[in-house]
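The values are calculated or read from the model by the stated rules, or taken from the named source; none is laboratory data. Only a predicted model underlies this, so the values are computations on that prediction, with no experimental measurement involved. Here the Cβ positions follow ideal geometry from the backbone for every residue, glycine too, while neighbour counts run over all protein chains shown. These area figures cover heavy atoms from the full protein model, side chains too; ligands, DNA and RNA do not enter into them. Shrake-Rupley method; radii C 1.70, N 1.55, O 1.52, S 1.80 Å.
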Amino acid sequence: MTPVLPLLLLVLCVSSPIIAHGKTSSLKSSAGCSGHRVSIPSLSSRAWLPLNHRRGPCSPFPSSSETVAPSTADVLHRDRLRADTIRKRLNGTAAANKPGGVTVPTALGSSLDTLEYVVTVGLGTPAVTQTVQIDTGSDVTWVQCRPCPGKACHPQKDKLFNPAMSTTYSAVRCGSAACNGLGGPDFYGNGCSKRRRECQYIVKYGDRSNTTGTYSSDKLSLTPKFAVDHFQFGCSHAEQLLTDKADGLMGLGGGAQSLVSQTETKAFSYCLPPAESYSGFLRLGAPRAAASRFAVTPMYRITNADTYYLVVLQGIAVARRRLRVPASAFAAGAAMDSGTVITQLPPTAYRALRAAFMKEMRMYPRVAPPSGSILDTCFNLTDVDDVKVPSVSLVFERGATVDLDRSSGIMLDGCLAFAAAGDDDSVLGIIGNVQQRTLEVFYDIGGGAVGFRAGAC
C-alpha cells in the first residue's frame, strides 16, 4: 500500500447533522440526499469512503438508468435464497462444479440480487472510477472489463475498465500462488488460457448468476491518499444473469482473495444508513474511536468456509425485558452478513420475539403480510406519524448488547423485520442488514472479534 494522489471520484453527500426520532418507525426517504446524519471524520491516510444505497436520492446511479424497483416480497424471496446458500456453504453441502475449457470455479458465492450498498473507488493508473457493490459474503472482487463482446456484459454506470489503458495492470500468471488459490491444486491446465497462459476465473452465485474472465492485478485507489498496489481482482469478460447497474463487486469476506486479506490491516468496518436518503461509510482499518464505545463479541471462522464471519447470539430483549429463550436455541451460531436483508433467527427465538413484539404493538391493528412474503407480523400504520416501536436488543456472547435503531432497524414496510431460519433450532442464524443500520459494525479479523457502535451514521 502506498500513498497516491489520483483523481478519484468519491460520492459524498454532506449536510448538517440531524437527530433521529428514537420512538418512530422507519425513516421516510426525502426527495433529495440528506447526506450523513452525524458528523463524519476527516479524510486521512486511513481508507474511509462514503457508502450509499444503490437506489434512492443518494445513489450514484442516475435515476433514469434504474429499472423498476422490485417489491419487498420479491426482495425477501431472494433474501431467503441467499440465506439458504450461506447455510449450505457453512454446512459443507454446496460445491461448485468444475467446468471444462479455460475456467475454474472459485468458491460458490451468495446471491447478488439482495446486495443494496455501493461504494466508488478508482482502479488502475490513471485511476478509473468504478462503482461497486459491497458484500461480506464474497471474496473475489471483480469489475466488467474490455473486451466484452456483444451482450456478454450488462449495462453499467461507468465505462468498462480497459486493462490496456492502465500502466500498472497485469494478468495473474498460470501456476502462480494466486492462481492456484482460486480452485485448489488440482485445476492446473483447466484454469488457464492456453494461448496467453493467463489465469482465468469463474465465480458462481447462489442465484445462478456468474462472472468469468481473467484473474488480474492492478492498483486499487480507495481514497485520494490510500491505495492498494498489486490488488488482485477478476477482470470480467462475460457474465450470466447479472442486470444491476453496478460496475462490479467488492468482496469483503474473510477468504484469501478478499480486499481485507490482501491488505495489512486485517480489519474493516461499515455503517449502513437508516434510509436511502442518507449516507453511510466503509472504513478499512481499525476505527480511531475509543474501544469502550464498541460492544465487542468473539468472531468465529470455519476452515472450509472462511468467507463468513460468525458470532454467537445468546439472547434477545424487547422493551428492555430479556426473553425466556434457552441458550440451546442459539447453539448453532449466526453469520454476520451485509447482503442478507432481514435477520433470521432459530424458530424458538423467533416465536418468543414475535409474541413479545405483538404484545408491545397491540395498539395497532394487525394486517396480512404481503403475498408471498416471509414476513408474518405486520401492522396497519397508515397515517400514523409517531409509531411507538418497542426497543429490541440483541445480546451476544460475553454480554455484548446491541440496541437496534428503532427508526430503521426493527421494522420493514410495517412488518417486524425478522423471520424464522427454519423449523429446527440447529439451523444457523443470520444477522441481516436491516438490523445493522446506523451501527458501525467492526470486523477485527486479526483480533478475532466483531464490534458494534451505535448511532454511527
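Some notes on this structure:
- Per residue solvent-accessible surface (Å²) - the range 211-325, probe of 1.4 Å: 35 Å²
- In a DSSP loop and with at most 16 other Cβ atoms within 10 Å, the GluC sites (Glu not before Pro) in the range 226-288 are 264.
- Within the straight-line cut-off of under 14 Å between alpha carbons, the aspartates and glutamates reachable from residue 388 are 360, 405, sequence neighbours fewer than 8 places apart in one chain being disregarded.
- Listed by chain and number, the aspartates and glutamates whose C-alpha is less than 12 Å from the C-alpha of residue 219, apart from same-chain residues fewer than 8 away, are 229.
- Residue pairs, from the table 151/204; 157/225; 88/266, whose Cα atoms sit over 22 Å apart: 157/225; 88/266
- Carbon-plus-sulfur accessible fraction, the range 301-457 (probe radius 1.4 Å, protein heavy atoms only): 48%.
- Whole-number accessible area per residue in Å² for the range 340-424, which is evaluated in the context of all protein chains at 1.4 Å: 41 Å²
- For the pair residue 323 and residue 164, label points projected 7 Å from Cα toward Cβ lie 5.8 nm apart.
- If you take the Cα centroid of the range 251-310 and the Cα centroid of the range 389-457, the two points sit 14 Å apart.
- Estimated FRET transfer efficiency (residue 384, residue 197; beta-carbon r; R0 51 Å; 0.05): 0.20
- Divide the volume of the convex hull around the Cα atoms of the range 211-266 by the residue count and you get 102 Å³ per residue.
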